[in-house]
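Worksheet: one structure, shown below.
What follows draws every value from the coordinates through simple rules; no lab data is involved. This structure is a prediction, so every number in the text was calculated from the model and none was measured. Heads up, the Cβs are rebuilt from the backbone with ideal geometry, glycines too, and the neighbour counts pull from every protein chain shown.
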Amino acid sequence: MFLTCLLGTTLFVDRSGDRAQVWPLQFLGDTRRVRKYSWGSATLAYLYRQLGMASRADCKGMGGCLTLLQSWIYEYFPCLRDQKLGTRGLVCGEPFAKKWEGVRIGGGAQLMNERLDHYRRVLDNMTDEFVFWCPFGPRPGAMVSRSLYSGVIRCMSVEEMYDPSRCLRQFGYV
């Protein structure tokens, strides 16, 4: 039951946000192999596909692992987070998203609309100076082992190209 909930309502969330996906259950048939799957890659591929679908003008919602998306946004776009957040250090083994503990969600329709208007204004006025390009400092190799992957990531029939240098190249960082 735990794995069903984790897969259907956390990693592979549909646009409804209140129903578990059924298709990930096929991977639970042989539970000895579950830990060998690249769940991070599958989650990222699924999120990329959901972002692509959500960017269409007629789309009214979004699926995917929004905790991953929100953590990434807070990490790389400091202007979109409360400046008091992310200042606590993480204990070894803690999930990265715990760094952003304390984010207030909800608050009624009026507050949500005000926040939406605020974020739209910030995004409309954003330039590349507002992006944190070097989260590991000037020498990332000293902080993080080299693990840059570039290529196709897959999740079932979803195949998305992953090229981490593409965005950096646009702004002259590569």
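Shown in residue order for region 28-37 are the 3J(HN,Hα) couplings computed by the Karplus curve 6.51 cos²θ - 1.76 cosθ + 1.60 at θ = phi - 60°: 9, x, 10, 5, 5, 8, 4, 6, 8, 6 Hz (x for Gly and Pro). Full extension of the chain between Met112 and Lys60 gives 17.2 nm of extra length, using 0.36 nm per residue less the Cα-Cα distance. Peptides 70-78, 114-122 ranked from most to least packed, by the mean per-residue count of other Cβ atoms within 10 Å: 70-78, 114-122. Residue-wise HN-Hα couplings along region 114-123, as the Karplus relation 6.51 cos²θ - 1.76 cosθ + 1.60 with θ = phi - 60° gives them from phi, are 5, 5, 4, 4, 4, 5, 5, 5, 4, 5 Hz; Gly and Pro carry x.
Full extension of the chain between Met156 and Lys98 yields a length gain of 18.0 nm, computed as 0.36 nm times the residue separation minus the alpha carbon distance. Taking 0.36 nm per residue of separation and subtracting the Cα-Cα distance, full extension of the segment from Gln70 to Phe130 would add 20.0 nm.
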